[in-house]
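Read the structure below first, then the notes.
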Amino acid sequence: MEEIQYEKHSVAQDLCWPDNRRIAVVFNLAYEMWSPGVTSGVGPMGNVLTDGLFDPNADSYGRYNATHGIPRLVSILERHGIPATLMTSGLVAEAYPDQLRAYAEQGHDIVGHGLAQNLVFPTLSADDARHSITRSTALIETATGQRPTGWISPRVTSSPQIQAMLSAQGYTWHGDALDGDQPYVQRFDKGEILAIPMSVEFNDLPHAMRFGRTPGQFVDLFREALVGVQAQPAETVIFDVFAHGHCYGRPAAAWAIEDIAKICRQDGSLWVTTRTEIAAHCARVRGLAS
């Protein structure tokens, strides 16, 4: 793809969240599907079949995401009055439009997440990347009646070239950044987009699959980090809680997400929000500063 440069600009010299809060918490739920004939890259057996073989075990594991895991996780957050940031594959919008529309109507944040989870941008041509964005956007808009304004790529992996494409297609923010704690503006030759960096500490897939840690340790990790950050000199940060429907959407682990939701609801100093609300807050701050 053609190399694209951008200028990086901070949103504000001393950005705070609403009511002068310093810690925002976002519950990011990965609402994912894979292309026909392609399976999740991880599975409960730990030895996904290689050499191009179709793995029915990994396929069945991944299908749990949309049918059981995400509905369970969404219901947990709704019990605590917390909106989810739903990172939604275009194929999910196509296969389950009524469910996605219901989530949008209930106030959850519907975010573009690529056409399918296996279509990772560095493996795609420029035309295929553009098609993934265009088709995903159209499918989500058809399902919900609203065009998404935010995007988080499969594997949280894109590039300035993809981010410029997103800006050109009307997206106002993306989450494909790990290089900061606060949102910043990317200005291209044509257009701009807000990058809202992800924090990486609270992600169920590496926690469970790579490190073999328990749901209880997931809750402890969040609680200890919150206490530790609150004991430090105040700075404005985002705590991202990631849960995949096929991993922590299962009964034996989903309770950990509920425990974290309870911790958040008991702490009035936290701004429990969505990524699109963070983008809207940044737009307001920029408007006041201009």
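Among the residues of region 35-92, those that are closer than 28 Å to Cys264 by Cβ and either more than 19 Å from the chain's Cα centre (by Cα) or among the small types (Gly, Ala, Ser) (or both) comprise Ala66, Gly69, Ser75, Arg79, His80, Gly81, Ala84, Ser89. Mind checking whether some residue in region 108-121 is more than 15 Å from the chain's Cα centre (by Cα) and touching a residue at least 60 places away in the same chain (Cβ under 8 Å)? For region 108-121, residues more than 15 Å from the chain's Cα centre (by Cα) and touching a residue at least 60 places away in the same chain (Cβ under 8 Å): present.
Set side by side, the residues Ser60, Ser75 differ, and just one is at pLDDT 95 or above and either of a type in the set (A, V, I, L, M) or farther than 29 Å from Ala164 by Cα (or both), which is Ser75.
Only one of the numbered conditions (1) in contact with a helix residue (DSSP H, G or I) (Cβ under 6 Å, 6 or more places away or on another chain); (2) buried (at least 20 other Cβ atoms within 10 Å of the Cβ) is violated by Cys282, and that is (1). Scanning region 13-38 for residues that are in contact with a Phe, Trp or Tyr (Cβ under 9 Å, 6 or more places away or on another chain), more than 21 Å from Asp55 (Cα to Cα) and not hydrophobic (A, V, I, L, M, F, W, C) yields Pro18, Asp19, Arg21, Arg22, Asn28.
The single condition among (1) at pLDDT below 95; (2) under 30 Å from Ser167 (Cα atoms); (3) of a type in the set (Gly, Ala, Ser) that Ala129 does not satisfy is (1). Those residues that are closer than 24 Å to Phe54 by Cα and either surrounded by fewer than 17 Cβ atoms within 10 Å (Cβ to Cβ) or in contact with a Pro (Cβ under 8 Å, 6 or more places away or on another chain) (or both), I need them from region 126-145; list them, please. Within region 126-145, Asp128 is the sole residue that qualifies.
Applying the condition of being in contact with a Leu (Cβ under 7 Å, 6 or more places away or on another chain) and part of a loop (DSSP other than H, G, I, E, B) to region 149-189 and asking which residue is farthest from Ile23 (Cα to Cα) yields Thr172. For residues in region 236-265 being touching a strand residue (DSSP E or B) at 6+ places or on another chain (Cβ under 9 Å) and in a loop (DSSP other than H, G, I, E, B), which is surrounded by the fewest Cβ atoms within 10 Å (Cβ to Cβ)? So, considering only residues that are touching a strand residue (DSSP E or B) at 6+ places or on another chain (Cβ under 9 Å) and in a loop (DSSP other than H, G, I, E, B), the one surrounded by the fewest Cβ atoms within 10 Å (Cβ to Cβ) is Thr236.
Modelled with pLDDT of 95 or more, assigned to a loop (DSSP other than H, G, I, E, B) and buried (at least 19 other Cβ atoms within 10 Å of the Cβ): does that describe Gly268? Taking the combined requirement at face value, the residue does not satisfy it. If the condition is being crowded, with 20+ Cβ neighbours inside 10 Å and assigned to a helix (DSSP H, G or I), then region 190-207 contributes Asp204, His207. Against the test of being within 18 Å of the chain's Cα centre (by Cα), of a type in the set (A, V, I, L, M) and closer than 25 Å to Thr149 by Cβ, the options Ile278, Ile260 yield a single qualifying residue, Ile278.
I need every pair where a residue in region 55-73 that is among the small types (Gly, Ala, Ser) has its Cβ under 6 Å from the Cβ of a residue that is crowded, with 16+ Cβ neighbours inside 10 Å and assigned to a helix (DSSP H, G or I), sequence separation at least 6 or different chains. The qualifying pairs are Ala66/Val92.
The values are calculated or read from the model by the stated rules, or taken from the named source; none is laboratory data. Only a predicted model underlies this, so the values are computations on that prediction, with no experimental measurement involved. Cβ sites come from the backbone with ideal geometry, for glycine too, and all protein chains shown count toward neighbours.
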